[in-house]
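Step one of this worksheet: look at the structure below.
The values are calculated or read from the model by the stated rules, or taken from the named source; none is laboratory data. Bear in mind that the values here come from a model prediction, so they are computed numbers and not experimental data. Heads up, the Cβs are rebuilt from the backbone with ideal geometry, glycines too, and the neighbour counts pull from every protein chain shown.
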């Protein structure tokens, strides 16, 4: 494997890690640490923002395949974000981290 192939593989792995993290934050994938499906739209938005920044900072320096991959993953995360944003907060997510069982977020 030459250096260019290694760099492309590493870039693909980096983008894939953010994709999985974003899908976990959107509640589309189970969190392997807690073995639960959890939704954190703020964290999902931060993941999308990071990938948007990466796309902007690497503009003109990506191979066509890398650019296409990054664009497809961003589109997937953004569409899923809009879908999740339109849904009500799940009951168990509303109370997570709020300190009490019946409390609503402020």
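Residue by residue, here is whether (1) out of contact with any strand residue (DSSP E or B) (no Cβ under 8 Å at 6 or more places or on another chain); (2) surrounded by 10 or more Cβ atoms within 10 Å (Cβ to Cβ); (3) at pLDDT 95 or above; (4) in a helix (DSSP H, G or I) holds:
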residue: 44; (1), (2), (3), (4): no, yes, yes, yes
residue: 48; (1), (2), (3), (4): yes, yes, yes, yes
residue: 54; (1), (2), (3), (4): yes, yes, yes, yes
residue: 65; (1), (2), (3), (4): yes, yes, yes, yes
residue: 68; (1), (2), (3), (4): yes, yes, yes, yes
residue: 74; (1), (2), (3), (4): yes, yes, yes, yes
residue: 78; (1), (2), (3), (4): yes, yes, yes, yes
residue: 99; (1), (2), (3), (4): yes, no, no, no
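What's the total number of residues in region 42-72 that are touching a helix residue (DSSP H, G or I) at 6+ places or on another chain (Cβ under 9 Å) and farther than 16 Å from residue 10 by Cα?
Of the residues in region 42-72, 11 are touching a helix residue (DSSP H, G or I) at 6+ places or on another chain (Cβ under 9 Å) and farther than 16 Å from residue 10 by Cα.
Considering only residues that are closer than 18 Å to residue 66 by Cα and outside any helix (DSSP H, G or I), which ones fall in region 1-39?
Within region 1-39, 1, 2 qualify.
Which of (1) at negative phi; (2) in a loop (DSSP other than H, G, I, E, B) is the odd one out, the single condition residue 60 does not satisfy?
For residue 60, the exception is condition (1).
Does at least one position in region 7-23 carry a residue that is under 13 Å from the mean Cα position of the chain (by Cα), surrounded by 17 or more Cβ atoms within 10 Å (Cβ to Cβ), under 18 Å from residue 90 (Cα atoms) and free of Cβ contacts under 8 Å to residues at least 24 places away in the same chain?
Checked region 7-23: no residue is under 13 Å from the mean Cα position of the chain (by Cα), surrounded by 17 or more Cβ atoms within 10 Å (Cβ to Cβ), under 18 Å from residue 90 (Cα atoms) and free of Cβ contacts under 8 Å to residues at least 24 places away in the same chain.
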